[in-house]
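Q: One structure is given below, represented as structure tokens, and several questions about it will come after.
The values are calculated or read from the model by the stated rules, or taken from the named source; none is laboratory data. Only a predicted model underlies this, so the values are computations on that prediction, with no experimental measurement involved. Note: ideal-geometry Cβ built from the backbone for every residue, glycine included; neighbour counts use all protein chains shown. Surface accessibility is based on the protein's heavy atoms, side chains included, excluding ligands, DNA and RNA. Shrake-Rupley method; radii C 1.70, N 1.55, O 1.52, S 1.80 Å.
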Amino acid sequence: MKAKGKEETAVGAEILSGKGLTRVFGFGPNKTVAVDHVDFSFKKGEIISIVGESGSGKTTLAKMLLGLLKPTEGEIYFAGELRDISSHKKKRQYWQNIQAIFQDPFSSYNIFRKIDAVLLDCIRMRGGRRLPYDQKRAMMEEACSFVNLKFDELTNKYPFELSGGQQQRLMIARIFLLKPKILLADEPTSMIDACSRATILDMLMNLRDEIGMTPIFITHDIGLAYYVSDTVYIMEHGVFVESGSADDVILNPQEPYTQRLLNDVPKLHEEWDLSTV
Amino acid sequence: MKHLLGQIFRSGKFLFGFVIFMIIMLTVLIYPLLVEYPPLKTISRGTFLPPGIYVNVYDSMTFSESYTLILDNAATKRIASKLNAEDRQAMKEWLVIGAELPEDEIDVDDTAKLIDLWTTNFDPTVRLPGMTNADRNYYIRLTASLDGLLATEGATVAVANEDTGVLEEKYVIDQTTYVNVGEVPNVRVLPLGTDNFGRDVLTELIKAISVSLTIGFVAGTVATTIGLILGLVSGYIGGIVDDLIMFITNLFTVIPSIILLILISFSIGQEKRGAFTIAVVIGFTSWVWTARAVRAQVISLRNRDHVNLSKLSGHSIIHILAMDILPYIASYVVMALILQISSGILAEAGLSILGLGPRTTEVPTLGLMLNWALIYQAPLLGKWWAYFPVILIIALIAFSMNLMNTGLDQVFNPALRD
Ligand SMILES: Nc1ncnc2c1ncn2[C@@H]1O[C@H](COP(=O)(O)OP(=O)(O)O)[C@@H](O)[C@H]1O
Ligand SMILES: [Mg+2]
């Protein structure tokens, strides 16, 4: 009865995991423990969701996983090995494997750089710096058409000239070009209009099938997590209070916090209506 | 970009400041093309010649066509230039007290009668009660200037005969003789007179503006560059680099930059203090404020998502600083640069007034002009043209740049827009 738009893919080896991962902001009386000794193990190919209400530390965790924020404590393992991003070169290599889509498309782009530059950056990141422009252009056109955008209409424009939904689709086109092993999508649909949400989600799922990446959805919407994911982690005040397969956690919640999140989604046990996702 | 420029120029304050600044700039650029006098050449014997048009007397008598103009009020004007209303009143007072003439018999407006009464009655040896020496000298000078005032015949020009040494009459210049200034070969306009060294103040001033603007520009660029680089690095990298840079910055903050400036200028020594050196020294002592401001802005930018996205795209720190941070603070940096330029000009003026400015022989600066005017007591002597235009220009430059700055602030900070 789960209305998932995805095929069951074989779940493989561990791709990303963390042990005792902690991040503290500030000190003294202003101290905030945003992420508090979390352990997790994400497998290759599975679809993961991290669910928690606003302020529970999801974005902080995502930034640590992306290597944009230093953990206060704990380790992160990538493909079974302790992650090493101590130099720019190693960071670059890491970022060829893990990429992100941020919550607010309007602040995700540099307002002084054109769309072309954003996409060319991705080709360069994949080692295509020296390709002839025709080939680069063909790649950009392909990426744009994958997300139903026309490159001809975007070239020489700035990202802020697009709507929120189009900007998020451009983000997906970026991922299409980068072909990372892991994609962290931090509430990718929460800032855009309801009509675009389902499209964005569909495109992300198609992209997953296309390039075989492991997506990690971060959301405050447990219904959406149920709709898309295999494995769900429930986060409260920086701690994973519950985790497991989406069916187990959501149809049979053990924690009152999970229950509360579920109560906010009235229509869960009915047929899922795409337009409200 | 176009849109932004449009907005900037629609800001009244910016436009006003910009126009004032451009007028100054254009004057500085165009004046030397039209007038090729060397700026620091002594052209007058005697100092502080008042502003005016100086016509060569010798040329007007000998080399210029002379014309006769019959003008009704010529004599009156000539007399008035020697004998004004105050002089007449003073003469009347003397005559009433010193010669005990009845007051109603003296008509100050009847020049001929007044002078007649004066020549018959005035006695320089008589001391009136309460009369100072200065008063006495004034009356004696006045008497001398009255000599020949009412003459109607012309002046005779005589030249000594080469052989005999006897003066021979050459010609007579009538009171109705005129020359056309345009035909006199040597006329020098000194709109702002001359200074204590007998140099043309206007030419000097224009050169000084251009030198001071250059000093301000160099100082501002040096200060902004240092401040920008330190601010960017310390704000973006953080950690121990930040601590170190902030330690240096705090050191510079604690010591007032003017004191540092004075000490450095003093220790450089008179010989090496060129305009460029002074500019660089000013720049090196005034970057602190820019560094702090830039750092604060960078800290608020470095965790933005567009910076994160740029990192995820594999860009280097240099690329991120140059492309993802700098453009966002560019407007701020431009504003800081404008303020630094104007405060650089003021700093040079302050240093020069203290006698620690650039070396004096080659170029003038606004500060040096003030320094000279002060040393030679122009304000005390009432020679306003030697210092007032300089002060006015310094004020105008600072005013126009601050106006531009406020105008930019209003465009870039929508919260300030009214
Ligand atoms: N840069 C920061 N400095 C201080 N506190 C922060 C910072 N970023 C996040 N926090 C705090 O950490 C907690 C978790 O924030 P966040 O990870 O953004 O939560 P979520 O993404 O789940 O809404 C919040 O209490 C927030 O105030
Ligand atoms: Mg968040």
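Q: With springs only between Cα atoms under 10 Å, which of B:Y139, B:Y31, B:Y332 fluctuates most in a Gaussian network model of chain B?
A: Answer for the Gaussian network model of chain B: B:Y139.
Q: Further question on the same structure: What pairs in A:K91/A:K179; A:K91/B:K311; A:K150/A:K181; A:K89/B:K311 have C-alpha atoms more than 18 Å from each other?
A: Among A:K91/A:K179; A:K91/B:K311; A:K150/A:K181; A:K89/B:K311, the Cα-Cα distance tops 18 Å for A:K150/A:K181.
Q: Using a Förster distance of 35 angstrom, determine the FRET efficiency expected from the C-beta separation of A:N148 and B:T406, and round it to 0.05.
A: So the FRET efficiency works out to roughly 0.15.
Q: Hey, got the Cα dimensions of the stretch B:138-270 along the principal axes, in Å, largest first?
A: Taking the Cα atoms of the stretch B:138-270, the three principal extents are 95, 38, 34 Å.
Q: Residue separation times 0.36 nm, minus the C-alpha to C-alpha distance between B:T62 and B:V159: what's the value?
A: 33.7 nm
Q: Take the solvent-accessible surface of the protein heavy atoms, probe 1.4 Å, and return the percent of it on the stretch B:118-231 that carbon and sulfur atoms account for.
A: 57 percent
Q: To continue, here is another question. Amide H of B:Y178 versus every other amide H placed in the peptide plane: which residues, excluding those fewer than 5 positions away on the same chain, fall under 5 Å?
A: Long-range HN contacts for B:Y178: B:Y67, B:T68, B:L69.
Q: Hey, another quick one. Using 7 Å Cα-to-Cβ label points, what is the B:K272/A:A138 separation (nm, one decimal)?
A: Result: 6.4 nm between the two label points.
Q: Amide H neighbours of A:K44 under 5 Å, counting only residues 5+ apart in sequence or on other chains, H built in-plane at 1.01 Å?
A: Result for A:K44 returns A:G12, A:A13, A:E14, A:I15.
Q: Taking amide H atoms as placed 1.01 Å from N in the peptide plane, list the residues 5 or more away in sequence, or in a different chain, whose amide H sits under 5 Å from that of A:V241.
A: Hits under the 5 Å cutoff: A:I234, A:M235, A:E236.
Q: Using heavy-atom solvent-accessible surface (probe 1.4 Å) with all chains present, what is the largest-first order of B:E162, B:E105?
A: Final ranking, largest accessible area leading: B:E162, B:E105.
Q: Here's a follow-up. Could you tell me how many degrees, from 0 to 90 and to the nearest 10, lie between the Cα long axis of helix B:326-353 and the main elongation axis, the longest principal axis, of the Cα atoms of chain B?
A: On a 0 to 90 degree scale, this one is about 40.
Q: Buried accessible area between B and A (1.4 Å probe, both chains summed, ligands and nucleic acids excluded), in Å² to the nearest 100?
A: 1700 Å²
Q: Now for a different question. Any idea how far apart B:D116 and B:L29 come out in nm if each label point goes 7 Å out from Cα toward Cβ?
A: 6.7 nm
Q: Using a cut-off of 16 Å between alpha-carbon atoms, which lysines can reach B:K207, once sequence neighbours fewer than 8 places away in the same chain are excluded?
A: B:K41
Q: Give the Rg/Rh ratio for chain B, taking Rg as the radius of gyration of the Cα atoms and Rh as the Kirkwood radius, to two decimals.
A: Rg/Rh for chain B comes to 1.18.
Q: Tell me the per residue accessible area of the stretch B:168-257 using a 1.4 Å probe; a whole number in Å² is fine.
A: Averaged over the residues of the stretch B:168-257, the accessible area is 45 Å².
Q: Report the relative contact order of chain B, percent, no decimals, based on alpha-carbon pairs under 8 angstrom and at least 6 residues apart.
A: About 25 percent, as a whole number.
Q: When the Karplus curve 6.51 cos²θ - 1.76 cosθ + 1.60 is applied with θ = phi - 60°, which whole-Hz ³J(HN,Hα) does each residue of the stretch B:370-384 get, with x for Gly and Pro?
A: Calculated HN-Hα couplings, in order: 5, 4, 4, 4, 5, 4, 8, 6, 3, x, 5, 7, x, 8, 4 Hz.
Q: Below 14 angstrom from the Cβ of B:I226, what's the summed charge of the other residues (Lys, Arg +1; Asp, Glu -1)?
A: +2
Q: Right, another one. Enumerate the residues in the stretch B:90-129 having an amide nitrogen under 20 Å from the point lying 7 Å beyond the Cα of B:Q175 toward its Cβ.
A: The answer is B:108-120, whose backbone nitrogens lie closer than 20 Å to the label point.
Q: Given a 1.4 angstrom probe, what's the average accessible area per residue across the stretch B:284-385, in square angstrom?
A: Ligands and nucleic acids excluded, the figure is 40 Å² per residue.
Q: Just B:G235, B:G407, B:G148 to compare: in a GNM of chain B, with alpha carbon springs under 10 Å, which one fluctuates most?
A: The residue with the greatest mean-square fluctuation here is B:G148.
Q: With a 10 Å cut-off between alpha carbons and a GNM built on chain B, which of B:M91, B:M401, B:M335 moves the most?
A: Checking each option, the largest mean-square fluctuation is seen for B:M91.
Q: Projected area of the stretch B:351-402, taken from the Cα convex hull and averaged over every viewing direction, in nm²?
A: 3.9 nm²
Q: Which whole-Hz couplings ³J(HN,Hα) result when phi for each residue of the stretch B:129-145 is put into the Karplus expression 6.51 cos²θ - 1.76 cosθ + 1.60, θ = phi - 60°, listed in order with x for Gly and Pro?
A: x, x, 8, 8, 4, 4, 4, 4, 4, 4, 5, 5, 4, 4, 4, 4, 6
Q: Right, next: Please give every one of the aspartates and glutamates within straight-line cross-link reach of A:K70, meaning a C-alpha to C-alpha distance under 19 Å, and leave out same-chain neighbours fewer than 8 residues apart.
A: A:D36, A:D39, A:E81, A:D84, A:D186, B:D242, B:D243, B:D305
Q: Go ahead and run the numbers for FRET between A:D209 and A:K31, Cβ-Cβ distance against an R0 of 45 Å, rounding to 0.05.
A: 0.55
Q: Run the quick spin-label model on B:I248 and A:E81: label points 7 Å from Cα toward the beta carbon, then report their separation in nm to one decimal.
A: Result for the modelled spin labels: 3.8 nm.
Q: Okay, next question. What list of ³J(HN,Hα) values in whole Hz, one per residue of the stretch A:81-92 in order, does the Karplus curve 6.51 cos²θ - 1.76 cosθ + 1.60 (θ = phi - 60°) give from phi, with Gly and Pro shown as x?
A: Running phi through 6.51 cos²θ - 1.76 cosθ + 1.60 with θ = phi - 60° gives 10, 4, 5, 10, 10, 7, 10, 4, 5, 5, 4, 4 Hz.
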